[in-house]
Amino acid sequence: MADCLFCKIASGAMTSDIVYEDENCVAFRDVNPQAPTHILIIPRRHVGTLNDLGPEDAALVGELTLVAKQIARDEGIADDGYRLVWNCNRGAGQSVFHIHLHLLGGRTFGWPPG
Ligand code: AMP
């Protein structure tokens, strides 16, 4: 989508600190990190919210999760622990409407989340 920030990052039209990319997804560092490691993993294809996913997207969602797991390992946070977060719609804090999986680590986290 032409006016989507994360589509621009995925296409290279906007610069970002990319840590991983393949044909289906891109991972880059959050500009406003909420933890020492805060990386966003997105599909290249525009999907607005989790509500827009269907059964045909099961492999894509699985890949995003496995990419997050590998990045956690590469960032050295896998053994201490990390958190993966999907925010869906404004009530949950979603501010960019191109789905993204937050990978957070490098500190301890409270539960329940705020
Ligand atoms: P959410 O609130 O779940 O929609 O998360 C959106 C995230 O995108 C926030 O953590 C922002 O800090 C982050 N963000 C916004 N613009 C950029 C950007 N240009 N590059 C990297 N991260 C961004």
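The values are calculated or read from the model by the stated rules, or taken from the named source; none is laboratory data. A quick note: this is a predicted structure, and the numbers were derived from the prediction, not measured. Methodologically, a virtual Cβ is constructed for each residue, glycine included, from the backbone with ideal geometry; neighbour enumeration extends over all protein chains shown. Side chains are part of the model used for accessible areas, which takes the heavy atoms of the whole protein and leaves out ligands, DNA and RNA. Shrake-Rupley method; radii C 1.70, N 1.55, O 1.52, S 1.80 Å.
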Across the stretch 21-36, what is the total count of residues that are within 13 Å of the ligand (Cβ to nearest atom) and assigned to a strand (DSSP E or B)?
4
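Please find, among Ala2, Ala27, Ala78, Ala92, the residue that is among the small types (Gly, Ala, Ser) and touching an Asp or Glu at 6+ places or on another chain (Cβ under 8 Å).
Numbers: Ala2 fails: touching an Asp or Glu at 6+ places or on another chain (Cβ under 8 Å); Ala78 fails: touching an Asp or Glu at 6+ places or on another chain (Cβ under 8 Å); Ala92 fails: touching an Asp or Glu at 6+ places or on another chain (Cβ under 8 Å).
From the options Ala2, Ala27, Ala78, Ala92, the qualifying one is Ala27.
Residues checked against (1) part of a loop (DSSP other than H, G, I, E, B); (2) near the ligand (Cβ under 10 Å from one of its atoms); (3) out of contact with any Asp or Glu (no Cβ under 9 Å at 6 or more places or on another chain):
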{"residue": "Val19", "(1), (2), (3)": "no, no, no"}
{"residue": "His38", "(1), (2), (3)": "no, yes, no"}
{"residue": "Asn51", "(1), (2), (3)": "no, no, yes"}
{"residue": "Ala58", "(1), (2), (3)": "no, no, yes"}
{"residue": "Lys69", "(1), (2), (3)": "no, no, yes"}
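For (1) open to solvent by 20 Å² or more (accessible area, probe 1.4 Å); (2) farther than 18 Å from Cys7 by Cβ, each residue gets a yes or a no:
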position: Pro36; (1), (2): yes, yes
position: Pro43; (1), (2): no, no
position: Val47; (1), (2): no, no
position: Leu50; (1), (2): yes, no
position: Leu53; (1), (2): yes, no
position: Ala58; (1), (2): yes, yes
position: Ala72; (1), (2): no, yes
position: Glu75; (1), (2): yes, yes
position: Ala78; (1), (2): yes, yes
